[in-house]
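Down below is the structure, laid out as C-alpha cells.
The values are calculated or read from the model by the stated rules, or taken from the named source; none is laboratory data. Note that the structure is predicted; figures quoted are calculated from it, not measured. Quick reminder, even Gly has a Cβ in these numbers, built from the backbone with ideal geometry, and neighbours come from all protein chains shown. Ligands, DNA and RNA are excluded from the accessible area calculation, which covers all protein heavy atoms including side chains. Shrake-Rupley method; radii C 1.70, N 1.55, O 1.52, S 1.80 Å.
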Amino acid sequence: MSSASSMVDWDLAGRTARRLVSGGPSTTREEAAAVVAELHRAAATAVAHVEELTGLRPVPGGPVPEVAVVDRPGWADANARGMAALLDPLVEKLAERTGNRPGALATAIGSRATGFQAGGLLAFLSSRVLGQYEIFGTGGRLLLVAPNIVATERKLGVDPSDFRLWVCLHEVTHQLQFTGVPWLSGYLEAQIAEFVAATDLAPDVLRERLQDLLRSLADAVRGGGDGAPEGLMALVRDPRQRAVLDRVTAVMSLVEGHAEYVMDGVGPDVVPSVRTLRKRFAQRRKGRGPLDRVLRRLLGLEQKMKQYADGRHFVGGVVELAGMEGFNRVWEGPANLPLVEELTAPHLWVERVLGRPALPA
C-alpha cells in the first residue's frame, strides 16, 4: 500500500487504527445481522426517493456502486487505502519535480512515524462517521458504518428504521452526485493535483509539518493545549494552495448541502419522524465535552459543519429562486459550480449562471 516515497506508511496506519479503535455498542449476533440487512434495504429504497426529488440519474451503462455495511476497523482500513491511492502518486510526482528524494532509511522512519499518528486519527474518526461515499481508490463504493449508526440512534432516542433510512438518503445523494455527474470526481482529483503542483516544498518537509500537526492531536488528547485552530489548513502556506482549497471548499459544501437538503426534503411521507431527527441530530453535531470540541477544531471538523450549513443555505436558496431544474444547472460543468462567496449569497450564482435576476421561482 505504501510506495517508496510515501509521506505516510498507510499499512501501519491501518494496523494502528485497528488496534486503537473503540468497541461499538453491544448487540447480539442476530441483532447485528438484522441491522446489516435493514441498512442494505434502506440504501436500495433511498435511491428512488433521491432520484425523484433531485432529478439526478446514474449515467446509463456506468458502474453500479457497491453498498458495503462495515464496522469501525473496516471503515479505517477503507480510508487508509483510499488516501494511499490518492496521495501516494501525487507525492511521487512532487518528489520527481523537486528532485528531493530522501534516503531509504529517512523515508522509512518518517513514513512510519506519520503512519502511526495517522492511525490514531483514523481510529478517532472511525467512531464518528455514519456513512461515506468513497470517491478515490475503489471506483465508487457506499460505506455505512453500522455500529456508529446504532450508537447514534440509541443516543438520540429516535426510531431506528427512520434514522437508518434518513442516513441512507444522505449517502445515496452523494452516490448519485458522482454516478450521475461523471466529471465531478475528476474535477476533485485535478484540484488535489493542482494543490500539490502549487507547492515547492520537498516531501520530507511536508511530512515534518504533517507530523507536527498530528503530534498536536496527541497533545489535545492529553489536555495539553487547544489544538490548531485551522486544523489541516495549518499545513497550507502558499496563496495558490489557498485558492485551490477555496474551490474544493465550494464543491464540497455544494455536495454536502445538497445531501442535507434531500434528507429533509423527502418529508414525513418518506421518513415520518424527519423533523425530530433533524432537531436531535443538530444537537449531536455541536459536540459535547471540551475534549471533543478541541479535537473537532484540530481536525477541521468545525469547518466541515460550516460546509453543511453554507451548502444547505446555497441549495435551498437556489431552489427557491430558480426551482430544482434551475439548480441542476450546477451539474453541467465546472464553470457552473458555486464560488465560495456565492454559498452564502445564492442569488449571485443565479445571476451569474442563469443570467437573470434572482426572483423567487
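Counting only residues that are assigned to a loop (DSSP other than H, G, I, E, B) and either closer than 12 Å to Ser253 by Cβ or modelled with pLDDT of 90 or more (or both), which one in segment 296-349 is most open to solvent (accessible area, probe 1.4 Å)?
From segment 296-349, those assigned to a loop (DSSP other than H, G, I, E, B) are 299-300, 332-333, 337-339, 343-345; that's our starting set.
This time we only want the ones that are either closer than 12 Å to Ser253 by Cβ or modelled with pLDDT of 90 or more (or both), so: 332-333, 337-339, 343-345.
Values: Glu332: 115, Gly333: 12, Leu337: 10, Pro338: 6, Leu339: 74, Leu343: 5, Thr344: 86, Ala345: 16 Å².
Applying the filter and picking the extreme gives Glu332.
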Quick check on my filter: what residues within segment 9-32 are basic (Lys, Arg) and under 28 Å from Arg154 (Cβ atoms)? Arg18, Arg19, Arg29
Output the residue which, of all residues in segment 133-160 that are in contact with an Asp or Glu (Cβ under 7 Å, 6 or more places away or on another chain) and either outside any strand (DSSP E or B) or at positive phi (or both), is most open to solvent (accessible area, probe 1.4 Å). Pro160
Over 23 Å from Phe178 (Cβ atoms) and of a type outside the set (Lys, Arg), is that true of Thr54? no
I'd like the full set of residues that are open to solvent by less than 30 Å² (accessible area, probe 1.4 Å) and either at pLDDT below 60 or among the hydroxyl-bearing types (Ser, Thr, Tyr) (or both), limited to segment 274-288. Gly287
